[in-house]
Each structure stands twice: as C-alpha cells, then as structure tokens.
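See structure below.
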C-alpha cells in the first residue's frame, strides 16, 4: 500500500502505452511496481487492451477526465518522448497499419483536417496530447512528469511549444531523461531534474521473470541455434529502402563474419511508423551469411528475454538499447541517413548517461565498426553502468513520490 500519496487518492499513470512499442509498454510496469498503489488507473489517448502483448488495459484520457476529472487523483506521466509527440502522429499511431496508411494518404497534407480528425479520435483539443494538466483534472492532488524526453523541444512550432511549456510550468514535479532536453527546457525557464529512463530498472525489477520465459518465448531455441551467441537487431520501417538495406546487410555480414555471432531480427514496435517484419525478410535475403533468424513475438517480456540472452544489441530503438544496458550488454544505436546532423533521443541518452567508450548512435555505414568495438568493452564496466543508473533512477523516483505526497 502506498502511504505517501493520500489514502483515498487514485493514481492515474498516463502515457503512450495505448499502442505497441516496447519502451512505452514497459514504462507503466516500472511505475506500478515502485508505487505499489491499490488504486491505479492506466490511461492513454484511446481505450485499448494491450495485455496480450504484456501491456495493460488502458482507459481513454478524455473519458477518464469526464468521469473522474473532479476527483482527487495523482497524474503521473510515465515517461517517453512525449514533449514533442504531436496530435497527428499520436492519433495515427493508435490505428492498425492498414487504416493508418489510408488516413495518411487522405490527410497528410491537410493540416486543419488532420487536427480535426485527431481531436475527433482522441476527444482532446491538444497539440501535445500525451501531456495533461489540471485543466482536465482541476482537483488533481499532483501532476508529475518522470524522466520524459523531448530532444526536439526547441524546434517545435510556436503554438505547440507554448502548450508544452505551459503544461510543464503547471506541474508539481518535472524530470527529464537527457541533458539535451534539460537544457532546452532551461532556456525556456523550465527547471527539470535529470533522471534516467525508467526502463533502466527492467533487470532489477523483472529480470527473474524475463529469464524464466526463455523456453516459452523461443529464446532458448535461438541460444541452441547460435551456440556462439547472437546480436539482437532491430530497426524501424523508414530504413526499408533498397539502398539503406543494402548497407545494413553489408555491415551485419561483417559483424557476423568477424565475431561468429548470429543475427536475430526482432520488432520493438508494431504501431504505425515503427518496425516492419517485411523489412527484416528483405534484409535477411540480402545478407551473405546464413546465421540469421527472425523473432516474431511481440510480447514485451519475450522481447526483453531475447535482448537479455543476446551477446549484444544493435538497432534504432532507444529502449532496445536501454534494455541491453540494464542487462550489462554491449549496444549500438544507428540512425537514418536523413538524421545525420540531428541530435536524436538515442544519442542524447547515451551522451548523458553512458561511458564515452560505449558507442552511442552511429551512421549505418559505421555500424560494423561500432558493433565490433562494443564487443571488446569490459563487461564489468557495462554492469557497473547499469547498477549506477538504477540507483540514480531510484533517487529520482523518490523525489517524484515526495512531490506526490506533498501536493
């Protein structure tokens, strides 16, 4: 029973865990485990049941506000890159792939119609819909943001930027997960604490359960198929053009040939604008090595088990990286050529929290060199980094709880 948030105050955990994405689905598990509250509500932009994938049954925020907006509740933003997630992209990602493609084709170039469609879908008139405030919950006991991200916050259009800053200014406590976001907010007058992403806790809180599902998930079969080990590899669908796949195939061939490791492709997200199994089938066909497998499960604990049992991780997903970090594994992110000059959430997180010798985010043409280097890094250092970040997260979360208890 949670003692310091008020005996009768429910906790609303709010975030983007209303569609399939590894990191977003993990975040509320961490919050729930650490708060251990008897009255906890999981809310997103739409009513969804993600329990089949290891997630939660999620209520729609607009409906929840209509029913309990005048109750004393604690609003906890669970994390994720929510400061820069606009209404259009948020709404599209709630749809199945086939519906999303039709909506995108119809509305992508019509800004006013896009906004109206997104409002109708979510029931919210908000440019940054994964952020809420006391406007919807005027009697809220507290509103907190824990380890959220927003590396592009300084590049938002003026209207959305003003909304984001206003909502943060009204909050009782704000923490962010990388120093780039922290500096961007500080320049606008918002002081935010620096706290690692909640997913750094996944091994400490759920490691035993994750390892226990190796047989059921098929991970044990992969270990038997690749006795020398394997690299868990993931990338989003925007890497799916022929030229990019050719480069990635060449780089992964080199990694496999020089390390003796297998290559296992997996999806970290199945929502629109995330990962596509067809891309993995195409790259596997391009690769010269035969040591490749496709891991098809979308259950988040299966995915965590796949990463935990790997020798290393390589991909575009930040939370793929963080799960690997939590288990003390070598890891490398790579970015799309179109983002070569940008600070990404992956590079910002690595630069904030990880030793300089650990590769952060690299271009696709540098993947093999970075991965082969990562494999040489002292595992003691990697485990020490994981231990340090779990301690830092617990310290930060304690301050969030204090803000909830004193609101």
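Yes or no, residue by residue, for (1) part of a strand (DSSP E or B); (2) surrounded by fewer than 22 Cβ atoms within 10 Å (Cβ to Cβ):
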residue	(1), (2)
41	yes, yes
55	no, no
71	no, yes
76	yes, no
90	no, no
For this session: Of all residues in region 328-343, count the ones that are at pLDDT 95 or above and surrounded by fewer than 22 Cβ atoms within 10 Å (Cβ to Cβ).
Result: 2
For this session: Would you point out which residue out of 85, 37 is touching a strand residue (DSSP E or B) at 6+ places or on another chain (Cβ under 7 Å) and surrounded by 13 or more Cβ atoms within 10 Å (Cβ to Cβ)?
Result: 37
For this session: Report yes if some residue within region 392-407 is assigned to a loop (DSSP other than H, G, I, E, B), touching a strand residue (DSSP E or B) at 6+ places or on another chain (Cβ under 8 Å) and more than 16 Å from residue 318 (Cα to Cα); otherwise report no.
Result: yes
Exercise. Is there a residue being within 22 Å of residue 297 (Cβ to Cβ), assigned by TED's automatic domain parsing to the domain that holds residue 155 and touching a strand residue (DSSP E or B) at 6+ places or on another chain (Cβ under 8 Å) anywhere in region 98-115?
Worked result: no
Exercise. Can you find a residue in region 235-253 that is surrounded by 13 or more Cβ atoms within 10 Å (Cβ to Cβ) and under 19 Å from residue 308 (Cα atoms)?
Worked result: yes
Seminar exercise, completed: Residues of region 43-53 being part of a helix (DSSP H, G or I) and out of contact with any helix residue (DSSP H, G or I) (no Cβ under 8 Å at 6 or more places or on another chain), in sequence order, are 51, 52
For this session: Could you please find all residues in region 186-218 being in contact with a strand residue (DSSP E or B) (Cβ under 8 Å, 6 or more places away or on another chain) and over 25 Å from residue 388 (Cα atoms)?
Result: 190, 218
For this session: Determine the pairs where a residue that is more than 13 Å from residue 357 (Cβ to Cβ), located within region 373-389, has a partner that is part of a loop (DSSP other than H, G, I, E, B) with Cβ atoms under 6 Å apart, the partner being 6 or more residues away or on another chain.
Result: 383/328; 386/328; 389/196
Problem set entry | Entirely in region 225-316, the strands (runs of 3 or more DSSP E) that have 1 or more residues that are in contact (Cβ under 8 Å) with a residue 60 or more places away in the chain and more than 29 Å from residue 86 (Cβ to Cβ) | 230-234, 292-295, 312-315
Problem set entry | Tally of residues being under 15 Å from residue 323 (Cα atoms) and either crowded, with 18+ Cβ neighbours inside 10 Å or touching a helix residue (DSSP H, G or I) at 6+ places or on another chain (Cβ under 7 Å) (or both) across region 370-384 | 1
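Okay, residues lined up against (1) under 25 Å from residue 60 (Cβ atoms); (2) in contact with a helix residue (DSSP H, G or I) (Cβ under 6 Å, 6 or more places away or on another chain):
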site	(1), (2)
148	yes, yes
167	yes, no
176	no, yes
185	no, no
For this session: Name every residue in region 260-276 that is modelled with pLDDT of 95 or more and surrounded by fewer than 20 Cβ atoms within 10 Å (Cβ to Cβ), in order of residue number.
Result: 260
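The values are calculated or read from the model by the stated rules, or taken from the named source; none is laboratory data. All values derive from a computational prediction rather than experimental measurement. Ideal geometry is used to build each Cβ from the backbone, glycine not excepted, and the neighbour counts take in all protein chains shown.
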